[in-house]
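**Q** Just dropping this structure here.
The values are calculated or read from the model by the stated rules, or taken from the named source; none is laboratory data. Just so it is clear, the structure is predicted and the values come from calculations on it, not from any experiment. With ideal geometry, Cβ positions are generated from the backbone for all residues, glycine too; neighbour counts draw on all protein chains shown.
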Amino acid sequence: MKILLVYPETPNTFWGFNHVLKFISKKSTFPPLGLITVATIFPDRWEKKLIDMNVSPLTDKDILWSDYVLISAMVIQKKSVREVINRCKALGVKTIAGGPLLTSEYPEYDDVDHLLLDEGELTIPEFLDDLKNGSPKHIYRANGWADISQTPIPSWELVDLSKYATLNIQYSRGCPFNCEFCNITTLFGRVPRTKSSEQIIHELDIIYDMGWRGGIFFVDDNFIGNHKKLKADILPALIQWMKKRKYPFSFQTEVSINLSDDDELMELMVKAGFNTIFVGIETISEEGLTECNKFQNKNRDMSECVRKMQRNGFQVQGGFIVGFDSDNETIFNKMIKFIQDTGIVAAMVGLLNAPKGTLLYKRLEREGRITESFSGSNTDINFSPKMNLNTLIDGYKHIINTLYSPKNYYERVIRFLEEFHPIHLGRPHVSFNQIGAFFKANYHLGFIEKERLYYWRLFFWSLFRHPTLFPKAITLAVYGYHFRKVSSD
């Protein structure tokens with residue numbers, strides 16, 4: 001049996017870093033971790049081939065080679081998913097599909113031959129048994145949650161590592177919080193399920209032995225969902241492994257704001273090699289936080305929380321939302337001021353959206369306010385807001401244009417670097433791609449782009465005032481180029 005694993009194309013977004021990739025000669029930011037994980041569940045005797053459409057084109061020859069095409073995707077990829085399904089049908093090749101998009105919106109994909117919804121660890125074995133008996137069903141659903149301590153090692157042999165900027169790994173699924181707009185608890189539950197330290201170390205060993213050196217993203221939706229296990233087991237094991245291997249990787253992940261309450265946890269994470277964290281701040285309005293059930297963010301000095309994490313060695317990337325029912329026209333400038341003052345360089349500001357299955361979607365559906373399907377993009381809106389829609393859109397554009405103007409962006413970079421106190425672990429690994437990226441940055445940002453004055457000011461400021469942070473400064477300058485390109489689109 002031959003199975004073609006297809007990861008559909010992702011449109012250009014803030015967090016795709018498409019415009020950064022050309023500087024470092026890479027094709028995509030991350031490989032499709034979910035797809036190569038479930039690939040391992042299929043029998044070893046099956047021939048397997050991976051096509052990541054963000055790296056290489058999907059040809060008719062690829063499709064016709066296979067007995068089945070397996071598609072897994074996020075909501076943002078729905079346009080490409082539809083195109084792939086249509087191509088497979090036209091060529092007479094059977095399709096299997098799963099992942100977050102299909103699980104959330106499977107009625108729209110009834111023409112897929114076999115829908116393997118929810119977690120693949122539970123639904124794929126059942127499908128394989130039925131296939132063996134000659135009676136595979138159209139839809140498979142799971143009862144309960146998978147035990148991810150039994151999740152297999154991803155099939156990294158299917159991936160060309162040279163095409164990616166960063167690799168990824170998963171430690172946990174689920175989040176203890178239940179924010180109204182978030183579909184994580186719908187997909188993965190509220191009790192964080194975790195892998196063992198032995199699993200994580202084994203996966204890192206495989207990645208290390210394949211020759212990877214550089215960034216690894218822990219894709220957990222809330223890495224610190226289980227504080228106790230992290231401090232007692234996972235982080236000490238990571239610290240020991242990283243020290244033994246002379247710090248070959250740097251880690252980034254997603255956390256909740258309450259990380260700032262735990263000095264010990266922050267210290268352990270930094271010693272383990274974590275230097276970048278994405279935090280869902282969402283809004284600086286207490287009313288907005290109450291409205292969306294973001295209670296972990298309430299009744300705290302958010303600015304001080306961000307600065308504390310920066311001082312402890314983290315670059316804080318922030319998620320922000322406008323369009324809550326309680327928002328008024330003052331929210332736009334308040335959000336700009338907060339982001340500028342805290343030096344959150346990478347601020348993902350989006351319009352509120354209601355993904356299917358969320359508490360927000362159910363509430364808005366009851367109120368008759370859902371207007372269209374969820375696109376997966378945070379620059380769209382799929383419901384009727386309380387604020388005048390034109391006012392909301394204009395305010396959103398004002399935020400984006402202000403934050404990513406060269407003047408404000410470079411001011412924010414400097415503010416962050418002044419607050420940032422990283423721990424330097426081992427010698428930094430410098431690749432030829434990074435050296436090339438440095439010269440490309442100097443050429444494009446220093447001579448071609450309109451921001452060149454701000455670029456050279458940052459260049460010499462960091463070189464002479466904070467030389468250890470010079471590589472970080474240049475990296476953030478390149479990020480700014482990407483953010484401006486996307487925001488202008």
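**Q** Go through segment 58-77 and give me each residue that's free of Cβ contacts under 8 Å to residues at least 40 places away in the same chain and among the hydroxyl-bearing types (S, T, Y). Quick ask: steps written out before the conclusion?
**A** Let us first name the residues in segment 58-77 that are free of Cβ contacts under 8 Å to residues at least 40 places away in the same chain, namely 59-61, 64.
The one that is free of Cβ contacts under 8 Å to residues at least 40 places away in the same chain and among the hydroxyl-bearing types (S, T, Y): T59.
**Q** Can you tell me which residue among D160, D147 is among the acidic types (D, E), outside the structural domain of I321 (by TED's automatic domain parsing) and more than 27 Å from S25 (Cβ to Cβ)?
**A** Details: D160 fails: more than 27 Å from S25 (Cβ to Cβ).
D147 is the lone residue from the list that is among the acidic types (D, E), outside the structural domain of I321 (by TED's automatic domain parsing) and more than 27 Å from S25 (Cβ to Cβ).
**Q** Looking only at segment 1-57, filter to residues that are among the acidic types (D, E) and more than 30 Å from S488 (Cβ to Cβ); which one of those is surrounded by the most Cβ atoms within 10 Å (Cβ to Cβ)?
**A** That would be E47.
**Q** Let me confirm something: among I234, I257, which residue is farther than 26 Å from Y164 by Cβ, aliphatic (A, V, I, L, M), surrounded by 20 or more Cβ atoms within 10 Å (Cβ to Cβ) and modelled with pLDDT of 95 or more? Break it down stepwise before answering.
**A** Working: I234 fails: farther than 26 Å from Y164 by Cβ.
Sole residue among the options that is farther than 26 Å from Y164 by Cβ, aliphatic (A, V, I, L, M), surrounded by 20 or more Cβ atoms within 10 Å (Cβ to Cβ) and modelled with pLDDT of 95 or more: I257.
**Q** Select from segment 357-381 the residues that are surrounded by fewer than 21 Cβ atoms within 10 Å (Cβ to Cβ) and either of a type in the set (G, A, S) or touching a residue at least 24 places away in the same chain (Cβ under 8 Å) (or both) and list them in ascending order.
**A** Within segment 357-381, G357, L359, R363, G368, S373, S375, S377, N378, T379, D380 meet the criteria.
**Q** Scan segment 324-342 for residues that are surrounded by 22 or more Cβ atoms within 10 Å (Cβ to Cβ) and in a loop (DSSP other than H, G, I, E, B) and report the count.
**A** Number satisfying all stated conditions: 2.
**Q** Being surrounded by fewer than 16 Cβ atoms within 10 Å (Cβ to Cβ) and either part of a helix (DSSP H, G or I) or among the small types (G, A, S) (or both) narrows it down to one residue among T468, T402; which is it?
**A** Selected residue: T468, the only one of T468, T402 that is surrounded by fewer than 16 Cβ atoms within 10 Å (Cβ to Cβ) and either part of a helix (DSSP H, G or I) or among the small types (G, A, S) (or both).
**Q** How about segment 310-319: which of its residues are assigned to a strand (DSSP E or B) and crowded, with 21+ Cβ neighbours inside 10 Å?
**A** Hits for segment 310-319 are Q315, V316, G318.
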